[in-house]
Amino acid sequence: MTEVTESIRGQGELDSTTFSLELDAAEMTAKSETLRWLVGKEVSLTTKGDVYGRKWDVGQFEEILSAVLKREYQKNLIYIALKEGSTSVREISERTGLQLGKISYLISDLEKTNQVIFKGHSEGIPVFESAS
């Protein structure tokens, strides 16, 4: 424990501006309805069971929770990048570090929930923007 604490101290103070995108996306994810719903259902699903009476294994539930949180976090990264002015999948990738295919896949989810709007094409490249 002391070694870990010393290591963290040695790294110095966190420059939040360097990680503003990531921190904002993490905050959005933590405040999301999806997270509240999943966390609220955990005890019920793992002790009483689902609507079919099947009890979920805690490890299985946590794997699902982790996968959902990762997806929500990545969607929030994309949304924030769009709000900051990135318009193409390539620009979003450069800003977020996400792979192009993953961004394209998640943008369709964001479009379905009216968070992202397809604006057309610019020189053959699809252009998007945040809805709000």
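All of the numbers you see were taken from the coordinates with simple rules; none came from a lab. Nothing here was measured: the structure is a model prediction, and the numbers come from that model. Cβ: placed from backbone, ideal geometry, glycine included. Neighbour counts: every protein chain shown.
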key: Most mobile of 69, 38, 82 in a GNM of the chain (Cα contacts under 10 Å)   = 38
message = Compute a Gaussian network model of the chain, connecting alpha carbons closer than 10 Å, and tell me which residue from 15, 109, 50 fluctuates the most.
response = 15
task = For the range 6-55 and the range 84-128, compute the distance between their C-alpha centroids and round to whole Å.
result = 24 Å
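With a 10 Å Cβ neighbour count serving as the proxy for reagent exposure, in which order, fewest first, do 1, 28 appear? Mind showing how you got there, number by number?
Details: 1 5, 28 17.
If I rank by nearby Cβ atoms, fewest first, I get 1, 28.
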Where chymotrypsin sites (Phe, Trp or Tyr not before Pro) in DSSP loops with at most 13 other Cβ within 10 Å are excluded, longest remaining stretch of the chain = 53-132
inquiry  = For residue 21, project a label point 7 Å along Cα to C-beta. Then give me every residue of the range 41-77 with its amide nitrogen under 19 Å of that point.
reply    = 70-77
log10 of Debye I(q)/I(0), alpha-carbon scatterers only, for the chain at 0.09, 0.11, 0.12, 0.19 Å⁻¹ = -0.39, -0.55, -0.64, -1.04
message = Using a Cα-Cα cut-off of under 29 Å, which lysines could be cross-linked to residue 83, ignoring same-chain neighbours fewer than 8 residues away?
response = 31, 70, 75, 102, 112, 119
